[in-house]
Each structure stands twice: as C-alpha cells, then as structure tokens.
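Reading through the structure tokens given below for one structure.
The values are calculated or read from the model by the stated rules, or taken from the named source; none is laboratory data. Fair warning: this is a prediction, and the values are worked out from it, not measured in the lab. Ideal geometry is used to build each Cβ from the backbone, glycine not excepted, and the neighbour counts take in all protein chains shown. Surface areas here come from the heavy atoms of the whole protein model, side chains and all, with no ligands, DNA or RNA. Shrake-Rupley method; radii C 1.70, N 1.55, O 1.52, S 1.80 Å.
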Amino acid sequence: MPQPSMRRATLSFLLSHPAHFIALGFGSGLSRLAPGTVGTLWAWVAFSVMQLWFTPATIGWIIAASLPVGWWACTVAARDMNVADPSPVVWDEVVAFWIVLWLVTPAGLLAQTVAFLLFRFFDAAKPGPVAWADGLFKPRDPAQVRWWQAGFGIILDDLVAAFCTLLVIALWRAW
C-alpha cells in the first residue's frame, strides 16, 4: 500500500488545526531558513514577555502544561505532515528553551545568549546523549510510525539538549 506523501507546512496548514498552530511555534516554524533557530528565538522573546506578567512559579506551571500539550500538538502535526520529525515542528525547541531560561534566570543578556548558543549547538549537532534521544523513537520503517511515540520523540531530544545546556552552564558557573 503506497504511503501518503509529505504535506508541506504552509500558512493554511498552520491555521487548519490548533495543534498545527502550537506545534509550528505560532508560525515561527514556517521559516524557510533554520526553523529550529527561529523557533528558539521566538521562545526567547515569548519568555521575556512572560516574565513581565507572571511570577517564576506561574511560568513553571505554564512550562509544565506546555509539555503534554506540546506532545499532543507535535504528534498531530507530524501525523498530518506524514513525517516522524518534521523540521517546521518547533514546539520542542520552544518548551525546552523555556526550561533553560526558567532555570538560569535571573540571568543577564550575556548569560541568556550563551544559553541560546549552547542550546542551539546541542539541538542541531546532537552530540552523544542528544543523538541517542533523537533516534530512540524514530521508526526504522516509515510505514511503521506510531504517531504518539513520534510526538514524544520530537520533544525528548530537545529536553536532553536542554539538560546538556544546563549542565554546561552549571559547570561554567561552578568554575
């Protein structure tokens, strides 16, 4: 049985389902150039705005709620695009970078920039444990995709990248 072809991320796709809107980072994933980086930049701006209105505890609850909602949204968007980990799906970068910023705050612009660069390195280069997490839920046979696992896998490698970022920052601060 032939597999359906990949569906492109367009403005119409973004607006066709709430899960698409969330998974594509409120449109930041539509960037043709480095959508993961654009999604992370959007996360940085959104976090800065959240800090104006919410306490750190409230931001923590927003992040906690964003994980299962993001899992659902990434699952739906990946399924509807027919790709286990489509690059326009950037909610994983958003929530993972929120965690980094939440845990390093208070931090000045230099420290936030270092956090951004470290996170992008770990997310894009996928060294060691990040590569392991990235491959954990990717099917060897695209016809055998379990979408709920794919959605979890989309988020998991970014959570590991966030952990690696935080580990480097902790070592940097301890030095």
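A few points about this structure:
- For the range 132-142, the set of residues classified as open to solvent by less than 50 Å² (accessible area, probe 1.4 Å) and in a helix (DSSP H, G or I) consists of A133, D134, G135, listed by residue number.
- Residues in the range 35-50 that are open to solvent by 40 Å² or more (accessible area, probe 1.4 Å) and over 14 Å from the mean Cα position of the chain (by Cα): V45, S48, V49.
- Checked across the range 24-34, the condition of being within 17 Å of W147 (Cα to Cα) and open to solvent by less than 50 Å² (accessible area, probe 1.4 Å) holds for at least one residue.
- Segments classed as helices (runs of 4 or more DSSP H), wholly inside the range 1-79, with at least 1 members that are of a type in the set (V, I, T) and either under 24 Å from K138 (Cα atoms) or touching a Pro at 6+ places or on another chain (Cβ under 6 Å) (or both): 18-23, 35-53
- Contact map, the range 42-57: residues that are touching a residue at least 40 places away in the same chain (Cβ under 8 Å) paired with residues that are outside any helix (DSSP H, G or I) and of a type in the set (S, T, N, Q), Cβ distance under 9 Å, separation 6+ or inter-chain. Pairs shown: F47/T105; Q51/T105; P56/T105.
- Residue list for the range 51-74, restricted to those being under 12 Å from the mean Cα position of the chain (by Cα) and aromatic (F, W, Y): W71
- Scanning the range 155-175 for residues that are at pLDDT below 95 and either among the charged types (D, E, K, R) or closer than 21 Å to R79 by Cβ (or both) yields one hit, R173.
- Taking the criterion of being buried (at least 17 other Cβ atoms within 10 Å of the Cβ) and either hydroxyl-bearing (S, T, Y) or free of Cβ contacts under 8 Å to residues at least 12 places away in the same chain (or both), the only residue of the range 67-123 that qualifies is T75.
- So V160, is it closer than 26 Å to V49 by Cα, buried (at least 21 other Cβ atoms within 10 Å of the Cβ), in contact (Cβ under 8 Å) with a residue 12 or more places away in the chain and not basic (K, R): yes
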